[in-house]
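The values are calculated or read from the model by the stated rules, or taken from the named source; none is laboratory data. Given the structure is predicted, the values throughout are model-derived calculations rather than measurements. For neighbour counting, all protein chains shown are included, and Cβ atoms are generated from backbone atoms with ideal geometry for every residue, glycine included. Quick note on the areas: whole protein, heavy atoms, side chains included, nothing else; ligands and nucleic acids left out. Shrake-Rupley method; radii C 1.70, N 1.55, O 1.52, S 1.80 Å.
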Amino acid sequence: MIYVVSDLHGCYEKYQNLLKTVSLGDVDTLYVLGDVIDRGDGGIEILFDMRSRPNVRPLIGNHESLALGAMKRILRDSLDERAVSKTKAGVLWRMSDGEPTIQAFCALTRDRQQAIVDYIESFGIYEELTVNSRKFHLSHTLPSYDPAIPIHDVTFLEFLFGEVDYTKVYASDTLFVTGHTPTGLIDPASAGRIWRGNHHIAIDCGAVFGHPLGCLCLDTLEEIYIE
Ligand SMILES: [Mn+2]
């Protein structure tokens, strides 16, 4: 089976609980659509676990993209937690709720820090796949809708910081699976649940804000919730 989850934001226990609940095995694949780190405190731990599993396929989120600059600075200049907070990259990271990840990253050995940087640099931007003759497009977010610009022509940054227009059908032959926007912000009635509409499936249920972690099975379109 192929599963998709997003916006783990350091929720290590919910992540582990999800692996157990779906009994993720060697024949299964789990796509993680970015924002693994920040806000919660288990982000680095989740990254090491994901890295050890060849069937976990990571895509990048805006939090990883922003952290990467600061992580490289920490490595290059052997900065500690206090020194990194005086750099622009460190200030930006802290402002985006990076504090728990900064602490965990600075506590690692240089080899382990390098392993995290290398791992994040291997993350994809988007993935297109067909499962049971349904076409899916997976990414952390999407650029705002513009029928004049084909989806493959948009820039890397728009896949990280764009705001999906969930009122628009981006392509009628494809289901667009995205995280980034907690579903309660799309429709307050959908808080904590996966939201579907207009060929979109929004899966960030807001796990780090006390809602369940939502996971979508692409084979069956079944929704799995981890409290
Ligand atoms: Mn995001």
Item checked: Nearest-0.05 FRET efficiency for residue 91 and residue 174, computed from C-beta distance (R0 35 Å) -> 0.35
Check: Roughly what % of DSSP beta bridges within region 68-227 run antiparallel, to the nearest 5?
Finding: 60
Next item on the list: Please give the per residue volume of the convex hull enclosing the alpha carbon atoms of region 10-59, rounded to a whole number of Å³.
Entry: 65
Notebook entry, point to check: What percentages, rounded to whole numbers, describe P(r) for region 62-121 computed over all alpha carbon pairs with 5 Å bin width beginning at zero?
Noted result: 4, 21, 38, 26, 10, 0
Next item on the list: Express the relative contact order of the chain as a whole percentage, based on alpha carbon pairs under 8 Å and six or more residues apart in sequence.
Entry: 21
Note to self: Which residues does the label zone of residue 152 cover in region 114-141, counting backbone N under 16 Å from a point 7 Å along Cα→Cβ?
What the structure shows: 125-130, 136-138
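By how many nm would the segment from residue 103 to residue 185 lengthen if fully extended, with 0.36 nm per residue of separation less the alpha-carbon distance?
Details: separation 82, 0.36 × 82 = 29.52 nm, distance 2.96 nm.
Extending this stretch completely gives an extra 26.6 nm.
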Next item on the list: For region 159-227 and region 78-141, write down the distance between their C-alpha centroids in whole Å.
Entry: 21
Note to self: Under the √(5λ) rule applied to the eigenvalues of the Cα gyration tensor, what semi-axes describe the equivalent ellipsoid of the chain? Give them in Å, descending.
What the structure shows: 29, 20, 16
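For region 122-190, what ratio Rg/Rh do Cα atoms give with a Kirkwood hydrodynamic radius? Could the numbers behind the result be given before it?
Details: Rg = 12.3 Å, Rh = 12.9 Å.
Ratio of gyration radius to Kirkwood radius for region 122-190: 0.96.
Please give the charge dipole size of the chain, origin at the Cα centre, charges +1 on K and R Cβ atoms and -1 on D and E Cβ atoms. Round to the nearest 20 debye.
440
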Check: Taking the Cα centre of region 62-121 as the origin, how large is its charge dipole in debye, to the nearest 20, when only Lys and Arg (+1) and Asp and Glu (-1) carry charge on their Cβ atoms?
Finding: 260
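With all protein chains present and a 1.4 Å probe, how do 36, 169 order by accessible area, largest first?
Sorted descending by solvent-accessible area, the residues read 169, 36.
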Notebook entry, point to check: If you take the charge dipole of the chain about its Cα centre, with +1 on Lys and Arg Cβ and -1 on Asp and Glu Cβ, which of 102, 131, 183 is farthest toward its positive end?
Noted result: 102
Item checked: Which of 35, 26, 49, 77 is most accessible, then next, and so on - probe 1.4 Å -> 26, 77, 49, 35
Margin query: Treating only the Cβ of Lys, Arg, Asp and Glu as charged (+1, +1, -1, -1), what charge dipole size does region 159-227 show about its Cα centre? Round to the nearest 20 debye.
Written below: 120
